[in-house]
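Below is one structure, written out as structure tokens; comments come after it.
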Amino acid sequence: MNKIPKQYSPRNTEAKWYNHWIDKGYFRSVPDERTPYSMVIPPPNVTGVLHMGHMLNNTIQDVLVRRARMQGYNTCWLPGTDHASIATEAKVVDKLKSEGIDKKKLSREEFLQHAWDWKEKHGGIILEQLKKLGASCDWERTCFTMDDTLSKSVIRVFIELYKKGLIYRGVRMVNWDPKALTALSDEEVVHKEVRSKFYYIRYRIQDSDEFVTIATTRPETILGDTAICIHPEDTRYKQLIGKKALVPLINRPIPFILDEYVDRELGTGALKVTPAHDINDYNLGLKHNLPSIDIFNDNGSLNEKAEIHVGEDRFVAREKISLELEDKGHLVKVEEITNNIGYSERTDEVIEPKLSLQWFLTMDALAKPALDVVMDDTIRFYPPKFKNIYKHWMENVRDWCISRQLWWGHRIPAYYLPDGRFVVAQSRDEALIIARQQYDQKLRDEDLKQDEDVLDTWFSSWLWPISVFDGINKPENKEIRYYYPPNDLVTAPEILFFWVSRMIMAGLAFRNEIPFKNVYLHGIVRDKQGRKMSKSLGNSPDPIVLMDNYGADGVRVGMLLCSPAGNDLLFDESLCEQGRNFCNKIWNAFRLTQSWEVDHDLGQTIEANTAIRWFEANLNKALATIEDHFKKYRIADALMTVYRLIWDDFCSWYLEMVKPDYQKPIDAATYNTTIDFLNILVRILHPFMPFISEEIYQQIKGSEDAKSITVAAMPKAQQFDKEMNEKFSFARQVIMAIRNMRQEKNIPPKEPLELFIKKNNDESPDITFDGIVQKLCNLSHLGYVKTKPEGSHSVIVKSTELLIPLDQHVNTEEEIKQLEAELRYQEGFLRSIEKKLSNERFVSNAPEKVVALEKKKRKDAQAKIGVIREQLQKLKSKD
């Protein structure tokens, strides 16, 4: 006992055991004869540091992996990072700027060298932080999306899709990020509801004193107008058909066009058409063969086609143009409105719809099979409510803009000839061979110019479950055949389309097999007020600080206690404190058992044997419940079952039942069984709290046990005595009732009491737990009677009367008052039950077990009411 610290110290324990696990290779996996359990980590951005979302996501993954490892599976949890084109390039550009270096003055090769240097210095930070959390990844398999093998996979897939005609190049309206200077896919745009202004602007009719008024939220874009559209049935504007209007401030004439697209009730019913800067206007422009005038530079400033305010930022120009319109009599009025504006998911910059020459992937053919495997539950979503969201997205999928105007990433393998024609190839050498074969034998290497753009980061991420096992380059290699498809994917609903759907498409397209079997979708971590955690709000705690304060185990438990699948979780630091307290509770229970003196000659008492039989039954019931929760991916519910099993059943009840009297020894049989129970409990606990469970396991494991808890067998539920649980349920109520009575009457726990039990309704007494009741309630006598002893206080449990002679403690008036209050409560409860049972719809539709339970409640309430009335009658007659 002297060697066991009084308090559990995470700081002294966690690094010790994590290093031990790594040194012994417990997380390492290679294909063998065992059944595999594999999972790939959602690769965090190489720019990232650990945040609360990562904490939740990786804790859940680690729970599943550690449990599978203990169940005997050959577990492979593959870690890695994502190159994150936009975020990383922005970080490197900012770093260079701080050093006085302008990216524009660097060659591509020079910039990429800076980027790789930055990646080598900062890219592994988040993975090291995951180790502190206890993540049991196979770190020797760590991948990066721009590793050579993964990069070759990306290029190979691009070429294959291009050859199939699914990848094409064309001018389309794209979402342009003026800060990152790149196109974005629709899924990378976040729409926010904001307050805006609605400007009503007068356009003069050419060669006339007439005006037509249009309404817009973007007055700067009038400089790119090429038509005004009116509804063909709108009689207000009939006289304008065939005429032209003059664009305010620059007086460029534009025609009126007719189209049913116009909403006559919106604004003035006349619509300015700016094909270069609005997707709907772009479609109208195509339909009516309108010219397109792009007035913006890539950085969002106005270019020479705008004619005025050239070089000024779009928002500065908006303010100036609105003032000029007012000054020159073109501004009729301005209204305040609320509308949705698209922002870049990465830079939070307002998106600019822009016509641009980009690369696209046709999605229709890929989306249908990916939808089918989810809707028919070949891939299961937990919770299943996300199937409908997924269905909506997949049925409304658009072609994917896969090119990005960046340098950091997988460069598009298209090589251009001097005349603008191009070939797609795995390498420059291969491109030259193809170009010579297809176009001109005299072509030289210097005649080819590779596309400047890189591929969308998600174009590498969608291959992640395949490419990490090199399944694209070597489709039949041993590892891909053994580990693919991974069993589970744990991720957030916000990337359900970004990533999950695309991985499903890729798995079916390139391996003709799903990429995972189950998808567990957890919610967003929010603060207590329901706000999303962010640096700007200052409401996101540093996970490393939390782990320093509460231990990794404490934080893991704190995160999981508030994380129901699919629902956002309101994080409260007090939950981490609860997790730490749980550690302390387990540690104190362990210390208690180690403080007992064992007498090998002492026989086991009946009470100890009863306690053992009960806990064994209760333990197996809990194991069955935990297994059911895991099958349904109710991770938080599984943890809560473990929590209650240890805190309530083992620490608060079982140990109290078998604990020897002060300075007395415990018999060897009871002690050994208790240590066996503790061994089982720490193994059940291990997936949730790996560090403290290993610390205790190492001190109690037997010679036949595994050398580490990480590879020890996960206990399985066995057949158990259900009656023991039911009997103890009643005994627990008896014990709690007597303890409450002591408290109410201020009777010290050390003062012995007598207990007489009166059974009613011809019930037979069950004496199984009488010895335990006597021990835990400090009773000098426990017996059964037919009539109530004089001067005794009465407590009712179900229909059983607990009669305790108290003499001076009894207050008849107070007794009557308490019984009358209890009678009113029980009568109200009975009415609610009878109302439910008189409802034919409930009785017909509710499960049989539910109806039976309600009937049992009615019977118990009726019996208790009868006993209370009888007691009241006796007390009142005495008065």
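The values are calculated or read from the model by the stated rules, or taken from the named source; none is laboratory data. Quick caveat: nothing in here was measured; it's all calculated off a predicted structure. A quick note on method: Cβ atoms are made from the backbone with ideal geometry, for glycine too, and the neighbour counts reach across all protein chains shown. Surface areas here come from the heavy atoms of the whole protein model, side chains and all, with no ligands, DNA or RNA. Shrake-Rupley method; radii C 1.70, N 1.55, O 1.52, S 1.80 Å.
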> Looking at (1) open to solvent by less than 30 Å² (accessible area, probe 1.4 Å); (2) of a type in the set (A, V, I, L, M); (3) free of Cβ contacts under 8 Å to residues at least 24 places away in the same chain, can you tell me which one ILE222 breaks?
Replying inline: (3)
>> The conditions are (1) more than 46 Å from the chain's Cα centre (by Cα); (2) assigned to a helix (DSSP H, G or I), and ARG202 fails exactly one of them. Which is it?
In response: (2)
>> Among the residues of the range 829-845, are any at pLDDT below 85, touching a Leu at 6+ places or on another chain (Cβ under 7 Å), open to solvent by less than 30 Å² (accessible area, probe 1.4 Å) and of a type in the set (A, V, I, L, M, F, W, C)?
In response: no
> Mind checking which pairs have a first residue in the range 25-48 that is outside any loop (DSSP other than H, G, I, E, B) and a second that is open to solvent by 20 Å² or more (accessible area, probe 1.4 Å) and among the aromatic types (Phe, Trp, Tyr), Cβ under 8 Å, 6 or more apart or different chains?
Replying inline: PRO36/TYR73; PRO36/TYR482; TYR37/TYR73
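Does SER501 satisfy the condition of being over 30 Å from GLU33 (Cβ atoms), buried (at least 23 other Cβ atoms within 10 Å of the Cβ) and polar (S, T, N, Q)?
On the way: over 30 Å from GLU33 (Cβ atoms): yes; buried (at least 23 other Cβ atoms within 10 Å of the Cβ): yes; polar (S, T, N, Q): yes.
Spelling it out, SER501 is indeed over 30 Å from GLU33 (Cβ atoms), buried (at least 23 other Cβ atoms within 10 Å of the Cβ) and polar (S, T, N, Q).
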>> If I filter the range 374-415 down to residues being assigned to a loop (DSSP other than H, G, I, E, B) and among the charged types (D, E, K, R), which single residue comes out as nearest to the chain's Cα centre (by Cα)?
In response: LYS385
> Restricted to the range 631-669, and to residues that are basic (Lys, Arg) and closer than 15 Å to ARG67 by Cα, which residue is most open to solvent (accessible area, probe 1.4 Å)?
Replying inline: LYS631
> Which condition breaks for VAL93 when tested against (1) under 27 Å from the mean Cα position of the chain (by Cα); (2) without any contact (Cβ under 8 Å) to a residue 40 or more places away in the chain; (3) open to solvent by less than 60 Å² (accessible area, probe 1.4 Å)?
Replying inline: (1)
> Looking only at the range 141-152, which residues are touching a Leu at 6+ places or on another chain (Cβ under 9 Å) and either more than 22 Å from GLU452 (Cβ to Cβ) or surrounded by fewer than 22 Cβ atoms within 10 Å (Cβ to Cβ) (or both)?
Replying inline: ARG141, THR142, CYS143, PHE144
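Residues being of a type outside the set (Val, Ile, Thr), over 54 Å from the mean Cα position of the chain (by Cα) and part of a loop (DSSP other than H, G, I, E, B): count how many of those fall in the range 749-805. Steps first, answer last, please.
Of the residues in the range 749-805, the ones of a type outside the set (Val, Ile, Thr) are 749-756, 758-766, 769-771, 774-784, 786, 788-794, 798-799, 801-803, 805.
Going one step further and asking which of them are over 54 Å from the mean Cα position of the chain (by Cα), we end up with 754, 756, 762, 780-781, 783-784, 786, 788-792, 805.
Now drop any that are not part of a loop (DSSP other than H, G, I, E, B), which leaves 762, 786, 788-791.
The number of residues fulfilling the criteria is 6.
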> Which one of ILE222, ILE254 is among the aliphatic types (A, V, I, L, M), at pLDDT 95 or above and not in a helix (DSSP H, G or I)?
Replying inline: ILE254
> So ASP376 fits all but one of (1) surrounded by 14 or more Cβ atoms within 10 Å (Cβ to Cβ); (2) of a type outside the set (Val, Ile, Thr); (3) closer than 30 Å to ILE635 by Cβ; what number is the exception?
Replying inline: (1)
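In the range 346-373, which residues are outside any strand (DSSP E or B), within 23 Å of PHE158 (Cβ to Cβ) and open to solvent by 30 Å² or more (accessible area, probe 1.4 Å)?
Initially, the range 346-373 is screened for residues outside any strand (DSSP E or B), giving 346-349, 351, 362-373.
Checking the rest, the ones that are also within 23 Å of PHE158 (Cβ to Cβ) come to 346, 362-370.
Of everything in the range 346-373, those that are outside any strand (DSSP E or B), within 23 Å of PHE158 (Cβ to Cβ) and open to solvent by 30 Å² or more (accessible area, probe 1.4 Å) turn out to be ARG346, THR362, ASP364, ALA365, LYS368, PRO369.
Residue check: is HIS410 touching a Ser or Thr at 6+ places or on another chain (Cβ under 8 Å) and either open to solvent by 10 Å² or more (accessible area, probe 1.4 Å) or not acidic (Asp, Glu) (or both)? Lay out the reasoning, then the answer.
Working: touching a Ser or Thr at 6+ places or on another chain (Cβ under 8 Å): yes; either open to solvent by 10 Å² or more (accessible area, probe 1.4 Å) or not acidic (Asp, Glu) (or both): yes.
Answer is yes for this residue.
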> Assuming LEU181 fulfils every condition listed in (1) open to solvent by less than 10 Å² (accessible area, probe 1.4 Å); (2) farther than 16 Å from LYS272 by Cβ apart from one, which condition is it?
Replying inline: (1)
>> Can you tell me which residue is nearest to the chain's Cα centre (by Cα) among those in the range 545-580 that are under 21 Å from ILE126 (Cα atoms) and open to solvent by 40 Å² or more (accessible area, probe 1.4 Å)?
In response: VAL545
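State which residue is surrounded by the most Cβ atoms within 10 Å (Cβ to Cβ) when the search covers only the range 413-422 and only residues that are out of contact with any Asp or Glu (no Cβ under 9 Å at 6 or more places or on another chain) and not basic (Lys, Arg). Step through it out loud before you land on a result.
Restricting attention to the range 413-422, the residues satisfying the condition of being out of contact with any Asp or Glu (no Cβ under 9 Å at 6 or more places or on another chain) are 419-421.
Remaining after also requiring not basic (Lys, Arg): 419-420.
Working: ASP419: 9, GLY420: 6.
Among those that are out of contact with any Asp or Glu (no Cβ under 9 Å at 6 or more places or on another chain) and not basic (Lys, Arg), it is ASP419.
Condition check: at negative phi, at pLDDT below 95 and open to solvent by 80 Å² or more (accessible area, probe 1.4 Å). Does GLU210 satisfy that?
On the way: at negative phi: yes; at pLDDT below 95: yes; open to solvent by 80 Å² or more (accessible area, probe 1.4 Å): no.
Criteria not met by GLU210.
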> Of all the residues that make up the range 854-869, how many are without any contact (Cβ under 8 Å) to a residue 24 or more places away in the chain and either outside any helix (DSSP H, G or I) or open to solvent by less than 90 Å² (accessible area, probe 1.4 Å) (or both)?
Replying inline: 1
> Of the residues that make up the range 433-450, is at least one farther than 22 Å from ILE86 by Cα, of a type in the set (A, V, I, L, M) and open to solvent by 80 Å² or more (accessible area, probe 1.4 Å)?
Replying inline: yes
>> Please count how many residues of the range 141-160 are touching a Gly at 6+ places or on another chain (Cβ under 9 Å), of a type in the set (D, E, K, R) and either within 30 Å of PHE691 (Cα to Cα) or touching a residue at least 40 places away in the same chain (Cβ under 8 Å) (or both).
In response: 1
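Could you please let me know if GLU822 is in contact with a helix residue (DSSP H, G or I) (Cβ under 8 Å, 6 or more places away or on another chain) and modelled with pLDDT under 85?
Values: in contact with a helix residue (DSSP H, G or I) (Cβ under 8 Å, 6 or more places away or on another chain): yes; modelled with pLDDT under 85: yes.
So GLU822 fits the description; yes.
Among the residues of the range 322-331, is any part of a loop (DSSP other than H, G, I, E, B) and among the hydrophobic types (A, V, I, L, M, F, W, C)? Let's see the steps before the verdict.
Our first condition is that a residue be part of a loop (DSSP other than H, G, I, E, B); within the range 322-331, this holds for 328-330.
Filter again for among the hydrophobic types (A, V, I, L, M, F, W, C), leaving none.
The answer is no, given that none of the residues of the range 322-331 is part of a loop (DSSP other than H, G, I, E, B) and among the hydrophobic types (A, V, I, L, M, F, W, C).
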>> Looking at PHE459 and the list (1) in contact with a Gly (Cβ under 8 Å, 6 or more places away or on another chain); (2) open to solvent by less than 10 Å² (accessible area, probe 1.4 Å), which single condition is not satisfied?
In response: (1)
> Cβ-Cβ below 6 Å, separation at least six or inter-chain, first residue in the range 723-742 and over 17 Å from LEU755 (Cβ atoms), second of a type in the set (A, V, I, L, M) and part of a helix (DSSP H, G or I): which pairs?
Replying inline: MET724/ALA617; ASN725/ALA617
>> Looking at the structure I just gave you, is THR710 over 17 Å from LEU619 (Cβ atoms), open to solvent by less than 10 Å² (accessible area, probe 1.4 Å), among the hydroxyl-bearing types (Ser, Thr, Tyr) and part of a helix (DSSP H, G or I)?
In response: yes
>> Between a residue in the range 566-591 that is closer than 23 Å to ASN679 by Cα and any residue that is open to solvent by 60 Å² or more (accessible area, probe 1.4 Å) and in a helix (DSSP H, G or I), which pairs come within a Cβ distance under 7 Å, given they are 6 or more apart or on different chains?
In response: PHE582/TRP647; LYS585/TRP647
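Looking only at the range 522-544, count how many residues are within 26 Å of ALA15 (Cβ to Cβ) and surrounded by fewer than 17 Cβ atoms within 10 Å (Cβ to Cβ).
From the range 522-544, those within 26 Å of ALA15 (Cβ to Cβ) are 525, 540-544; that's our starting set.
From what's left, surrounded by fewer than 17 Cβ atoms within 10 Å (Cβ to Cβ): 542, 544.
Of the residues in the range 522-544, 2 are within 26 Å of ALA15 (Cβ to Cβ) and surrounded by fewer than 17 Cβ atoms within 10 Å (Cβ to Cβ).
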